[in-house]
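Have a look at the structure below, then the notes.
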Amino acid sequence: MIKKILIANRGEIVNRIIRTCEKFGIEAVAVYSDADKDMEYIKNAAESYNIGSAAPIKSYLNIGAITEAIAKSGAEAVHPGYGFLSESAEFAAVVEGMGVKWIGPGSQVMKSIESKSYCRIAADAVGVPVTPGTVGIVSNVDDIYRIAHKVGLPVLLKLDKGGGGKGIEKIESLESREAVQDVFDRLKRIGAMAFASSDVYLEKQIASPKHIEVQFVADARGDVICLGERECSIQRRYQKIVEESPSAAVNEEDRLKLYDYTKRIVKAIAYTGVGTIEFLKGESGYFFMEINARLQVEHPVSEMVTGLDLVEWQIRIADGENLSFTQEDVRLGGHAIECRVYAEEPVTFTPSPGVITKLVFPEENDGALRIEHALHTGYVVTPFYDPMLCKLIALHNNREACIGVMKAALEDMKIEGVSTNIDVGLAVMEDKRFISGGFSTDFFAG
Amino acid sequence: MAYTLKAHMPGLVARVVVEPGQNVEKDQELAVINCMKTEMRCLSGEAGRVDKILVAEWDEVDIGSDMIILEN
């Protein structure tokens with residue numbers, strides 16, 4: 001097995017990856033920006049390297065600085081975590097070029113799937129439904145009018161290389177050609193500036209959809225195993241707050257259909273490693289949305305119900321191993337829910353940087369609760385990175401009992417010094433729509 | 001007289017949207033701060049002409065940091 005892994009990320013995911021490294025006697029190398037020099041995992045890692053100042057572009061997005069740390073440390077592999085450079089084909093190619101293993105799909109596969117229209121074309125070609133619209137790129141406003149008339153309003157214009165909820169514009173009316181042209185131009189400008197691509201495609205907006213995603217792991221032989229679905233419909237501004245597995249809205253027949261769709265797409269694009277396919281569930285069924293070529297924030301709910309360690313499988317596949325179990329071996333047991341705790345004002349969702357003056361975690365008793373974090377009393381929540389502070393993951397025999405575990409955990413959790421959304425999580429657990437399972441991504445809109 | 005735009009949130013300067021010599025109105029957006037990946041607009045408290053720009057893209061700012069000076 002790989003002996004030394006550099007973790008090119010920050011925060012809770014570093015501790016998560018170190019845990020699996022320790023289990024297998026792998027040395028973990030941490031990197032940190034000036035703003036993160038007091039992170040406790042720097043002590044837990046075998047080695048650590050400062051990679052620059054606080055601004056992500058100067059540190060966690062700085063390929064040159066991270067490459068230097070890889071070379072100095074002699075790491076045999078790089079785990080990119082999520083966010084930052086985790087889906088950068090350019091960074092993956094640089095790592096591979098150094099003769100270092102990239103823990104994720106190969107850079108060639110990543111380069112292809114950076115284009116959402118490539119993925120839509122690939123899904124469409126293997127018979128997986130994609131949201132009505134264009135599978136390719138829209139070249140002008142005439143295209144927008146023609147397709148919008150065909151599929152019906154509202155439609156979404158999306159940047160081909162957009163991500164993280166950025167680069168999406170809704171068109172609800174075709175009355176003013178100038179207004180549509182303005183939206184189209186603005187989106188192209190944002191794309192050129194932020195994503196180095198002004199390509200735009202169009203899709204029909206699915207009314208009140210559910211966000212359902214399938215976790216999979218694939219090896220170089222072409223075997224693909226699905227590890228249940230996750231429901232991630234509770235979002236604010238396209239960012240997830242609560243995730244669970246299984247979904248209350250997916251029956252066994254749907255699950256098998258989603259597994260079939262997932263396997264067809266994964267094989268078609270020759271993806272290896274751990275990944276996720278996101279689908280939208282509308283009134284007329286499931287539609288392919290996108291591929292996430294990384295470990296996801298919400299991966300623990302899948303680990304809880306399958307009993308698998310997804311980071312372990314990421315490492316094994318990157319090391320050239322094949323899957324040692326089959327689809328039939330995967331047993332989904334119980335129900336898991338994750339709540340993300342953010343440093344933000346609970347009503348307005350505006351960020352809340354500051355210093356954590358008091359920190360009380362609930363008990364992680366008898367495996368019913370898992371807490372993922374990198375916090376300590378006196379921790380400085382800086383304005384430079386994502387507002388996520390920690391994740392609580394509850395497991396129980398059934399959904400109702402699991403909600404009970406999560407409620408108790410959120411009630412016992414105390415963070416002072418910064419505002420948090422703990423009460424928002426509690427309100428979700430007590431909301432009739434959530435309890436019934438019949439909610440959509442409109443949860444916070446209505 | 002002079003007016004100094006100060007940062008209302010800590011973060012990174014995402015962009016400055018005015019240029020030296022430009023005339024601006026009260027409540028006009030002069031710059032944008034990125035705090036925890038959320039963009040916060042910095043609006044001018046007064047009308048005036050842009051005299052000095054003290055920050056550049058990716059600079060770190062704290063609450064109260066001087067950003068832009070207007071002459072009025």
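The values are calculated or read from the model by the stated rules, or taken from the named source; none is laboratory data. Source: prediction; values computed, not measured. As a convention, Cβ positions derive from the backbone with ideal geometry for all residues, glycine included, and neighbour counts pool all protein chains shown. Accessible surface is based on the protein model in full, side chains and every heavy atom, while ligands, DNA and RNA are left aside. Shrake-Rupley method; radii C 1.70, N 1.55, O 1.52, S 1.80 Å.
Being open to solvent by 30 Å² or more (accessible area, probe 1.4 Å) and of a type in the set (S, T, Y) is the filter; apply it to segment A:262-285 and report the residue that is nearest to A:H299 (Cα to Cα).
The residue in question is A:T272.
Please go through segment A:383-419 and pick out each residue that is within 14 Å of another protein chain (Cβ to nearest Cβ) and open to solvent by less than 20 Å² (accessible area, probe 1.4 Å).
Once the filter is applied, which keeps residues that are within 14 Å of another protein chain (Cβ to nearest Cβ) and open to solvent by less than 20 Å² (accessible area, probe 1.4 Å), segment A:383-419 yields A:P383, A:Y385, A:P387, A:L389, A:V418.
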For strands (runs of 3 or more DSSP E) lying entirely in segment A:123-232, having 2 or more residues that are under 28 Å from A:V274 (Cβ atoms) and open to solvent by 20 Å² or more (accessible area, probe 1.4 Å) picks out A:155-163, A:166-171
Name the pairs: first residue in segment B:1-25 and at pLDDT 95 or above, second residue in a loop (DSSP other than H, G, I, E, B) and polar (S, T, N, Q), Cβ to Cβ under 7 Å, at least 6 apart or on different chains?
B:Y3/B:N72; B:L5/B:S44; B:K6/B:S65; B:A7/B:S65; B:V24/B:S44
Residue list for segment A:31-60, filter: away from chain B (no Cβ under 11 Å) and hydrophobic (A, V, I, L, M, F, W, C):
A:V31, A:M39, A:I42, A:A45, A:A46, A:I51
Checked segment A:339-368 for anything among the aliphatic types (A, V, I, L, M) and either at pLDDT below 95 or surrounded by fewer than 14 Cβ atoms within 10 Å (Cβ to Cβ) (or both); matches are A:V347, A:V355, A:V360, A:A368
Output yes when any residue across segment A:112-119 is within 23 Å of the chain's Cα centre (by Cα), at pLDDT 95 or above and assigned to a loop (DSSP other than H, G, I, E, B), and no when none is.
no
Looking at A:N15, A:N50, A:N62, A:N44, can you tell me which residue is out of contact with any strand residue (DSSP E or B) (no Cβ under 8 Å at 6 or more places or on another chain) and not assigned by TED's automatic domain parsing to the domain that holds A:V151?
A:N62
